[in-house]
Structures are given as structure tokens and as C-alpha cells.
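Q: First, the structure itself, so that you have it in front of you.
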Amino acid sequence: MSIDKFIDLDELYSPAMALVLTCGLSFSGKSTLAARLAEELGAQITSLDRINDERGLDGGQGIPLEEWATTNRIAHERVARMLADGKHVIVDDTGSPRFVRDAWRADADQAGVPFVLVWVQIDPELQRVRVRSNRRSGLRADVTDAVLAEHAATFEPPTDEGALVVDAERSDDPATSADLAAAIRS
């Protein structure tokens with residue numbers, strides 16, 4: 001008699017899906033961490049910045065609230081399809097204000113999958129260093145000082161939501177994404 005009659009090998013080797021939401025200020029390393037984590041989990045990424053790009057919107061210059069609402073709706077539709085297809089999903093977004101996180105949490109509940117919040121915390125000085133470096137290199141779209149200041153002033157940190165916390169200094173560290181993946185699988 002083979003062991004697979006007693007153990008579902010598919011369940012053993014393919015962990016349950018999860019909906020993972022990154023949360024944090026601009027330039028904290030959320031997108032970098034999301035990409036590494038997606039490799040670890042075999043997950044799909046839904047990036048609200050990319051959706052804005054597809055729609056011809058430049059988030060770094062400020063986007064009207066109604067346009068953000070449309071981008072958010074598109075993201076929720078895409079994630080629902082991915083979860084229905086049985087995929088791990090990582091939502092790459094600032095995850096603020098809290099009602100944004102609550103909506104993703106509700107989507108996870110509706111899909112019957114765990115919701116995992118990953119908060120990438122960045123020191124204001126490191127954020128300034130990264131913004132200046134990006135402005136010199138142009139590797140990603142710029143975010144104006146006014147947009148950065150507004151976001152910092154209105155950001156609602158997930159201090160009481162059981163978030164997995166990552167220091168922005170470690171957002172590009174392979175060990176960080178491996179540790180997060182292990183936590184998500186457990």
C-alpha cells in the first residue's frame with residue numbers, strides 16, 4: 001500500500017493560498033519585497049501603481065480620489081479572479097487608510113483564504129535618501145514632495161492588525177522574503 005493513500009501529497013507540497021497585502025509609505029520597498037515574496041510563494045502580484053500606469057495615470061503627481069477608487073475596483077476584480085483560479089496573490093499597495101486594508105481582508109474572507117498584512121516600515125531619513133537617489137537615477141516614476149508629505153500625514157499605520165513587520169532596510173534581503181514566505185505558509 002502506498003503512502004499517498006494516507007496523505008494527500010498535493011496538500012503537503014502546495015500550501016494553501018493566501019491574499020497578502022503590502023502596506024507602507026512610498027519608497028519603503030513594498031514592490032521589491034512583493035516581487036521577492038512572489039518568487040518564494042509562486043504568487044501573482046497585483047500592483048495598484050501598475051494599474052494606474054495602464055490607465056495613463058501618474059500616482060506620483062497625485063491622482064483624484066475617484067480615479068483611485070476605479071483603480072482599486074479594478075485591483076479587487078483581478079484579485080478575485082486570481083483567487084478563484086487557486087493562486088496566491090500579493091497586492092502591492094500602500095494599504096492606507098485602514099478601510100483599504102479592511103476591504104482586502106473582506107475579500108480574503110469571502111474567498112475563504114487567509115489574509116496576511118505585511119507592513120514595511122521606513123524611517124523618514126531613509127525615505128528621503130531613496131527619493132533623492134531615485135530622482136537622480138530615474139529608475140521609477142518620481143513622487144512629488146507634496147504627494148509624499150500628504151501620504152505621510154494621512155497614513156494610518158496598522159499597529160493593531162497583527163501585521164508582519166519588515167524594516168525597509170531589509171526589504172530587498174532574500175532572507176526577509178524567505179522568512180515571510182515561511183510565516184505565510186505556516
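The values are calculated or read from the model by the stated rules, or taken from the named source; none is laboratory data. Because the structure is a prediction, the values reported are computed rather than measured. Methodologically, a virtual Cβ is constructed for each residue, glycine included, from the backbone with ideal geometry; neighbour enumeration extends over all protein chains shown. Protein only, heavy atoms only, side chains kept; ligands, DNA and RNA dropped before computing areas. Shrake-Rupley method; radii C 1.70, N 1.55, O 1.52, S 1.80 Å.
Q: Anything in the range 157-186 that is surrounded by 15 or more Cβ atoms within 10 Å (Cβ to Cβ), touching a Ser or Thr at 6+ places or on another chain (Cβ under 6 Å) and in a loop (DSSP other than H, G, I, E, B)? List them, or say none.
A: Residue satisfying the conditions is 171 alone.
This table checks each residue for (1) at pLDDT below 95; (2) farther than 25 Å from residue 164 by Cα; (3) charged (D, E, K, R).
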residue	(1), (2), (3)
14	yes, no, no
22	no, no, no
34	no, no, no
45	no, no, no
52	yes, yes, no
96	yes, no, no
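Q: Of the residues 84, 111, 106, 75, which is farther than 24 Å from residue 131 by Cβ and either in contact with a Cys (Cβ under 6 Å, 6 or more places away or on another chain) or touching a residue at least 40 places away in the same chain (Cβ under 8 Å) (or both)? Please lay out each step first, then the result.
A: Details: 84 fails: either in contact with a Cys (Cβ under 6 Å, 6 or more places away or on another chain) or touching a residue at least 40 places away in the same chain (Cβ under 8 Å) (or both); 106 fails: either in contact with a Cys (Cβ under 6 Å, 6 or more places away or on another chain) or touching a residue at least 40 places away in the same chain (Cβ under 8 Å) (or both); 75 fails: either in contact with a Cys (Cβ under 6 Å, 6 or more places away or on another chain) or touching a residue at least 40 places away in the same chain (Cβ under 8 Å) (or both).
Going through 84, 111, 106, 75 in turn, just one is farther than 24 Å from residue 131 by Cβ and either in contact with a Cys (Cβ under 6 Å, 6 or more places away or on another chain) or touching a residue at least 40 places away in the same chain (Cβ under 8 Å) (or both): 111.
Q: If a residue must be more than 22 Å from residue 43 (Cα to Cα) and either surrounded by fewer than 11 Cβ atoms within 10 Å (Cβ to Cβ) or acidic (Asp, Glu) (or both), how many such residues does the range 112-131 contain?
A: Start the filter on the range 112-131 by keeping residues that are more than 22 Å from residue 43 (Cα to Cα), which leaves 121-131.
Filter again for either surrounded by fewer than 11 Cβ atoms within 10 Å (Cβ to Cβ) or acidic (Asp, Glu) (or both), leaving 123-125.
Count: 3.
Q: So is residue 66 surrounded by 17 or more Cβ atoms within 10 Å (Cβ to Cβ) and acidic (Asp, Glu) or not? Give the derivation first.
A: Details: surrounded by 17 or more Cβ atoms within 10 Å (Cβ to Cβ): no; acidic (Asp, Glu): yes.
No.
Q: In addition: If a residue must be over 17 Å from residue 36 (Cα atoms) and within 14 Å of the chain's Cα centre (by Cα), how many such residues does the range 109-119 contain? It would help to see each step written out before you state the result.
A: First pass over the range 109-119, keeping only residues over 17 Å from residue 36 (Cα atoms): 109-115.
With the extra rule that they be within 14 Å of the chain's Cα centre (by Cα), the set shrinks to 115.
Adding up the residues that qualify gives 1.
Q: Yes or no: residue 74 touching a Leu at 6+ places or on another chain (Cβ under 8 Å), farther than 24 Å from residue 177 by Cα and either open to solvent by 20 Å² or more (accessible area, probe 1.4 Å) or not in a strand (DSSP E or B) (or both)? Spell out how you get there, then give the answer.
A: On the way: touching a Leu at 6+ places or on another chain (Cβ under 8 Å): no; farther than 24 Å from residue 177 by Cα: yes; either open to solvent by 20 Å² or more (accessible area, probe 1.4 Å) or not in a strand (DSSP E or B) (or both): yes.
Here the answer is no, as residue 74 does not meet what is asked.
Q: Something else now. Take the residues of the range 120-142 that are part of a helix (DSSP H, G or I) and in contact (Cβ under 8 Å) with a residue 12 or more places away in the chain: which is farthest from residue 35 (Cα to Cα)?
A: 124
Q: Taking the condition of being without any contact (Cβ under 8 Å) to a residue 12 or more places away in the chain and of a type in the set (D, E, K, R), how many residues in the range 151-160 meet it?
A: We begin by selecting, within the range 151-160, every residue without any contact (Cβ under 8 Å) to a residue 12 or more places away in the chain; these are 153, 159-160.
Applying the additional criterion that residues be of a type in the set (D, E, K, R) yields 160.
Adding up the residues that qualify gives 1.
Q: Which of the residues spanning the range 48-84 are within 20 Å of residue 35 (Cβ to Cβ) and either over 17 Å from the mean Cα position of the chain (by Cα) or not β-branched (Val, Ile, Thr) (or both)?
A: 48, 49, 50, 52, 53, 54, 59, 60, 75, 78, 82, 83 - these are the residues of the range 48-84 that are within 20 Å of residue 35 (Cβ to Cβ) and either over 17 Å from the mean Cα position of the chain (by Cα) or not β-branched (Val, Ile, Thr) (or both).
Q: Can you tell me how many residues within the range 16-38 are not in a helix (DSSP H, G or I) and not β-branched (Val, Ile, Thr)?
A: Of the range 16-38, the ones not in a helix (DSSP H, G or I) are 16-29.
Narrowing further to those that are not β-branched (Val, Ile, Thr): 16-19, 21, 23-29.
Total meeting the criteria: 12.
Q: Does the range 155-165 contain at least one residue that is small (Gly, Ala, Ser), at pLDDT 95 or above, under 20 Å from residue 32 (Cα atoms) and touching a strand residue (DSSP E or B) at 6+ places or on another chain (Cβ under 8 Å)?
A: Yes; the residues of the range 155-165 include at least one that is small (Gly, Ala, Ser), at pLDDT 95 or above, under 20 Å from residue 32 (Cα atoms) and touching a strand residue (DSSP E or B) at 6+ places or on another chain (Cβ under 8 Å).
Q: Within the range 77-101, which residues are open to solvent by 10 Å² or more (accessible area, probe 1.4 Å) and among the β-branched types (Val, Ile, Thr)?
A: Passing the criteria: 94, 100.
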